[in-house]
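Here's the structure we're looking at; comments come further down.
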Amino acid sequence: MHASQLADTRLREVAHSYVQSQVSQRRNFARELHDGINQLMVSVKFRIELARDKLEQPEQRALAELEKGSDVLNQAIQEVRRISHDLRPILLDDLGLESALHSMTDDFAERTGITVDVSLDLPVQRLTDDIEITLYRVTQEALTNVERHANARQVWLTVWQKDSMIWVEVKDDGKGFSCSAQGSDDCGIGLMNMRERTEILSGDFSVRSKPGMGTRVRAGLALV
């Protein structure tokens with residue numbers, strides 16, 4: 001029994017180390033995209049706009065080409081920002097999980113018109129990178145599912161600490177669904193992704209839903 005416990009502990013340590021490494025690599029790449037390539041593209045866009053403003057009226061063809069180039073460059077800038085955010089939310093690094101979750105839910109409520117009740121009880125000390133990003137992504141995926149499928153009017157986001165675990169729960173009053181087996185393809189790729197993110201850190205994941213009764217997604221991670 002003791003050997004089994006040591007093996008489980010070692011497995012959790014390896015999993016946390018692996019995820020931490022991934023988080024670090026993604027953070028560095030996201031920063032390079034945001035602070036490097038994105039800033040260069042913004043500088044080019046500024047110069048194109050400056051050249052456009054200096055053109056005189058007869059040069060309409062050149063002006064039209066500059067306008068097209070500026071539009072395409074602006075699309076590229078937005079795409080770089082999107083990729084950077086998908087890799088690692090800059091706000092999560094700069095201001096922490098609480099601010100990042102509030103920003104996410106504010107954007108969600110503004111975009112969808114769905115009311116979000118937020119209750120966050122986080123430890124005073126910042127969580128480790130792998131736990132923060134997992135809680136963030138589970139919340140993000142759960143809200144995405146609500147937006148796409150739930151037809152909900154209200155969402156409750158709760159994060160709390162109990163004993164040596166940190167928990168996140170996203171609950172809605174939407175139409176719910178019936179799932180033949182949790183974790184199966186019938187439940188959707190979003191739920192599978194949340195489960196895999198949680199379980200790679202040896203966490204607990206559960207989904208509870210019934211047609212007409214809304215959905216509750218819950219994930220718990222051990223504080224290490």
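Under the definition of Cα pairs under 8 Å and six or more residues apart, what whole-number percent is the relative contact order of the range 113-174?
Numbers: 81 pairs, mean separation 26.5, N = 62.
Taking the mean separation of contacting Cα pairs over the length of the range 113-174, I get 43 percent.
Nearest 5 is fine: what % of DSSP beta bridges in the range 100-224 come out antiparallel, could you say?
Values: 22 of 28 bridges.
Of the beta bridges lying entirely in the range 100-224, close to 80 percent run antiparallel.
Considering all alpha-carbon pairs of the range 119-211, what whole percent are spaced by more than 15 angstrom?
Numbers: 2649 of 4278 pairs.
Across the range 119-211, Cα pairs with separations above 15 Å total 62 percent.
Please compute P(r) over all alpha-carbon pairs of the range 89-147, binned at 10 Å starting from zero, and give each bin as a whole-number percent.
21, 56, 21, 1
For the range 61-166, go through all pairs of different Cα atoms, get the mean of 1/r, take its inverse, and jot down that Kirkwood value in Å. Walk me through the numbers before you get to the answer.
On the way: mean 1/r = 0.0622 Å⁻¹.
16.1 Å is the Kirkwood radius here.
List the residues, sorted by chain then number, that are 5 or more residues from Leu201 or on another chain and whose placed amide H is less than 5 Å from its amide H.
The list, which skips near neighbours in sequence, is empty: none.
Any read-out appearing in this document is the output of simple, stated calculations on the displayed coordinates, not a laboratory observation. The structure displayed is predicted, hence computed values, not measured ones.
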